[in-house]
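Quick one: the structure is below, questions incoming.
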Amino acid sequence: MSDPPPISAYGKLPAVSSVSLSPSGLFMASINDVEGKRYILVRTLAGETLLAVPIGENKVRNLRWADDGHLLVRVSKASYRGYETNEVEVPTTVSIDVKGRKSAILFDHDPKFSVIYSGQPHAYQIDGHPYAFATNVPKEGQVGITRLQSETDGTFVRSFPDLWKIDLVTNKIELFAHGSPNIDGWAVDPTTNSVAAYANFDQNSSIWTLFHGATPLMSKKSRRLAIDLIGLGRTPGSVLVLDQTDGDKLIEVERDGTTQTLFENKAITDYYFSATTGLLLGVQVRDSDLVFYDHQRRDRMMALGRAFPGKTVIYDSWTDGLDEVVVHTDGPGDAGTYYLVNMTTHRADVLDNDFPNIPGDQVGAIQLYPYKASDGMALDGVLTLPPGREAKGLPVVVLPHGGPIGVSDRAEFDWMAQAFASQGYAVFQPNYRGSGDHGAVYKDAGFGEFGRRMLTDMSDGLASLAKDGVVDAKRACIVGFSYGGYAAMAGITVQQGIYRCAVAGSGISSLPAMMDWITERNGSPSAGLTYWRQQTGVGVAGAPSLSSVSPAVLARQADAPLLLIHGTEDSVVPYEQSKLMLAAMNRAGKPVQLITTKGEDHWLSHGDTRVQTLTAALDFVQKNNPAR
């Protein structure tokens, strides 16, 4: 068995990510590390590099081909609004003309638009021509286009985006659909060059309605984000609606209003659409096979999955004819590998490895661990074991995910979990109630449980592992980021007697202060503030006050040392939240330290600060809870 690699091998950003084939398979795009610098590479399938676009300080969120000659790159960069606490993550989209070897920011050439907009652009070919569809709000003064609405107190002004169609060859921009205060998304039909349907959510009545033109197709009372227009259905004119208001239903709605339920009480984890028609090709159902509606495509993909037994397989992209497929695998002996699979010759060639400096025998075993919460709810989590160690009486790190609602951990390679496992720790990533990919009932159970059963779900999982003899419950620490950072602080304040130490990254310490910050940024009322109140249970009978589940308020109850880690460019949870916890712990005379990662955001997007974060967290856990 090889020696464990240095911790930097785990903390570095992946050497390759987001590998994507162009529609006909002429080119392949990816994000690559080249001699310590990150680039978007566009290559032929034979490996010839056509373009190497430096990323610099930008963070690439995804790559999407419009056609073989045009690539859309969604990027973001932190921008200051104020000192330390008011970071804003500025998103924009770059269009790369592969054949012309040039790039342009969408909307940049038209002075009436901002290049900063939050919506995710979609790319389609219409009559063989590439277009992007994106939401944007023209600058003030464009009469008849910009719509502004004052809130009741007159202190907050909100703008509402329209949907715009952008010719990626000529850069011509034209209005495609008007927005309004209540529009909740559009579905574009590229074959008819029209809006197939749009969704409307009235925040006052909580009524969600699906429209085709002026005709309502379906309407339902719903909590925000519990029902969503996903995209086009399987046939022209139909659209997909995911309805999680009272269970899980994936519904196909025809233009005449007739509906067909495609899946019920099944958790859909991925959707696959045609790059040219936009129609639904298939879905991935949790704990089930990939479902494709075309029998030949389904048989091919199922055969492809069987070619990688024991691995987690993700189908990243494929050509229109399904002749070439890019597959990503990880799991036992595999820290992440991209393959180019030729479906005709049945040949699979390795393209790149995510973490090339982590040997296969140093990848700890990964498994899904089912257990029950103290109230009887069936839950699960991901258990990663240290390589070469017997799963018996192990020291353990509880590593809860962020979110909290709608996010989950899967049984796959996780760089932070594997780093702790490489040092001898079992790592448990609980999918506490509220987690995604488990269905609506599982997810909805998390609302109002922010500082209550979500926390006990984690410690219940730890207790179950200890009862099974896998871990030693007296040798446990908790490490988390975002909501996981809150859970780490709460695990030693709201709860006691469970963890020997806690590492909280980018976590919320004061819920009242967080609510004030969200209100300041978004206004009141706002969709963001409403959703936060639903998560935390504000206004729900019997729910605890925000202060009673705020670690900074309860610092005197802390029963273990705490390490805080927070980036100065965090636009989701302000850096001030960690400063509040630091001050509260110091006043209470409790052991605490704060590591400030300069220039880092909420997602640990930078390789150097990611290594710094991982090293500090591991050193702290090893000091307070030695593995050996």
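Over the Cα atoms of the stretch 334-477, each weighted equally, I'd like the Debye log10 I(q)/I(0) at q = 0.09, 0.15, 0.16, 0.17 Å⁻¹, rounded to two decimals.
-0.33, -0.77, -0.85, -0.92
Another question, if that's okay. Would you please give the residues with an amide H less than 5 Å from that of residue 267, counting only those at least 5 places away or on a separate chain, with H modeled from the backbone geometry?
Amide H neighbours of residue 267, under 5 Å, 5+ apart: 286.
Can you tell me the length gained on complete extension of the stretch residue 160 to residue 101, counting 0.36 nm per residue apart and subtracting the Cα distance?
That pair, residue 160 and residue 101, stretches by 17.8 nm at full extension.
Residues with beta-carbon under 9 Å from that of residue 75, excluding residue 75: net charge, scoring Lys, Arg +1 and Asp, Glu -1? Kindly include the intermediate steps, with their values, before the conclusion.
Values: positive: 59, 61, 74, 77; negative: none.
After counting each charged neighbour, the total is +4.
Can you give me the distance in nm between label points at residue 389 and residue 474, each placed 7 Å from the Cα along the Cα-to-Cβ direction?
Spacing of the two 7 Å Cα→Cβ label points: 1.7 nm.
Let me ask something else. Using +1 at the Cβ of each Lys and Arg and -1 at the Cβ of each Asp and Glu in the chain, identify which of 447, 273, 171 lies farthest towards the dipole's positive end.
447
Where the eigenvalues come from the Cα gyration tensor of the stretch 489-564, what are the semi-axes √(5λ) of the equivalent ellipsoid, largest first, in whole Å?
Working: eigenvalues 135, 40, 16 Å².
Ellipsoid semi-axes (Å, largest first): 26, 14, 9.
Taking the convex hull of the alpha carbon atoms in the stretch 13-58, what volume per residue do you get, in Å³?
It is 75 Å³ per residue.
Can you give the extra length, in nm with one decimal, that the chain gains between residue 593 and residue 547 once fully stretched, where that is 0.36 nm per residue apart less the Cα-Cα distance?
14.3 nm
Can you compute the charge dipole magnitude of the stretch 212-282 about its Cα centre, using +1 on each Lys and Arg Cβ and -1 on each Asp and Glu Cβ, nothing else charged? Give it in debye, rounded to the nearest 20.
Around 200 debye, computed over the stretch 212-282.
Now, a different point. Using packing as a proxy for protection, rank 441-448, 35-42 so that the peptide with the highest average count of other Cβ atoms within 10 Å comes first. Walk me through the numbers before you get to the answer.
Numbers: 441-448: 20.8, 35-42: 15.9.
Packing proxy ranking, top to bottom: 441-448, 35-42.
Once amide H atoms are placed 1.01 Å from N in the peptide plane, what residues at a sequence separation of 5 or more from residue 594, or on another chain, have their amide H within under 5 Å of its amide H?
Here 564 satisfy the definition.
In µm²/s, what is D for the stretch 335-416 at 25 °C and 0.890 mPa s, where D = kT/(6 pi eta Rh) by Stokes-Einstein and Rh is the Kirkwood radius from Cα pairs?
Rounded, D is 155 µm²/s.
If amide hydrogens are placed 1.01 Å from N in the peptide plane, which non-local residues have theirs closer than 5 Å to the one on residue 434?
443, 445, 446
What nm distance separates the two modelled labels at residue 225 and residue 344, each placed 7 Å from Cα along Cα→Cβ?
Placing both labels 7 Å beyond Cα along the Cβ direction yields 4.6 nm.
What ranking do 571, 422 get, fewest neighbouring Cβ atoms within 10 angstrom at the top? Show your work: numbers first, answer last.
Details: 571 19, 422 24.
Ranked by crowding around the Cβ, least crowded first: 571, 422.
What's the local net charge at residue 281, with K and R +1, D and E -1, over the other residues with C-beta under 13 Å away?
That sum, taken over residues with Cβ under 13 Å, equals +1.
Find the Rg to Rh ratio for the stretch 226-353, where Rh is the Kirkwood radius over alpha-carbon pairs and Rg uses the same atoms.
On the way: Rg = 16.2 Å, Rh = 15.9 Å.
Rg divided by Rh gives 1.01.
Taking neighbour counts of Cβ atoms within 10 Å as a proxy for exposure, in what order, fewest first, do 258, 493 appear?
Listed from fewest to most nearby Cβ atoms, that is 258, 493.
Using per-residue counts of other Cβ atoms within 10 Å, averaged over each peptide, order 230-243, 342-355 from highest down.
Highest mean packing first, the order is 230-243, 342-355.
When the Kirkwood radius is taken over all Cα pairs of the stretch 291-340, what Stokes-Einstein diffusion coefficient follows at 25 °C and 0.890 mPa s, in µm²/s?
Value of D from the Cα-based Kirkwood radius: 215 µm²/s.
With θ set to phi - 60°, apply the Karplus curve 6.51 cos²θ - 1.76 cosθ + 1.60 along the stretch 126-136 and write out the HN-Hα couplings as whole Hz, x wherever there is a Gly or Pro.
10, 6, x, 10, x, 9, 10, 10, 9, 8, 7
Per-residue HN-Hα couplings for the stretch 198-206, Karplus 6.51 cos²θ - 1.76 cosθ + 1.60 at θ = phi - 60°, whole Hz, x for Gly and Pro?
9, 10, 10, 10, 8, 5, 6, 9, 6
Give me the number: length gained by fully extending residue 204 to residue 520, i.e. 0.36 nm times residue separation minus the C-alpha to C-alpha distance, one decimal in nm.
Taking residue 204 through residue 520 to full extension adds about 111.7 nm, to one decimal.
Obtain the nm distance between the two label points defined at residue 24 and residue 62 by a simple spin-label model: each point lies 7 Å from its Cα along the Cα-to-C-beta direction.
2.5
I need the phi-derived Karplus couplings for the stretch 209-221: 6.51 cos²θ - 1.76 cosθ + 1.60, θ = phi - 60°, integer Hz, Gly and Pro marked x.
Listing the rounded values in order: 10, 9, 10, 10, x, 8, 8, x, 9, 7, 8, 7, 6 Hz.
On to the next question. Could you pull out every one of the lysines with an alpha carbon less than 20 Å from that of residue 77, ignoring same-chain neighbours closer than 8 positions?
Counting by Cα, and skipping residues close in sequence, residue 77 has these lysines nearby: 12, 37, 59, 598.
Give, to the nearest whole percent, the P(r) tail of the chain beyond 43 angstrom, counting all Cα pairs. Write down the numbers at each step before the final one.
Details: 41585 of 196878 pairs.
The share of Cα pairs beyond 43 Å in the chain comes to 21 percent.
Would you mind getting me the FRET efficiency between residue 192 and residue 299? Use the beta-carbon distance for r and R0 = 30 Å, nearest 0.05.
That gives a FRET efficiency of 0.45.
Summing -39500 (n - 2.57) over the DSSP H runs of n ≥ 4 in the chain and dividing by its residue number, what mean residue ellipticity at 222 nm do you reach, to the nearest 500 deg cm²/dmol? Provide the component values of the computation, followed by the final result.
Numbers: 10 runs with 104 residues, N = 628.
Roughly -5000 deg cm²/dmol at 222 nm, from the helical runs in the chain.
Local charge sum around residue 97 (other residues, Cβ-Cβ under 15 Å, Lys/Arg +1, Asp/Glu -1)?
+1
Every number here is computed from the coordinates shown, using simple stated rules; none is lab data. These numbers come from a predicted model, not from an experiment. A quick note on method: Cβ atoms are made from the backbone with ideal geometry, for glycine too, and the neighbour counts reach across all protein chains shown.
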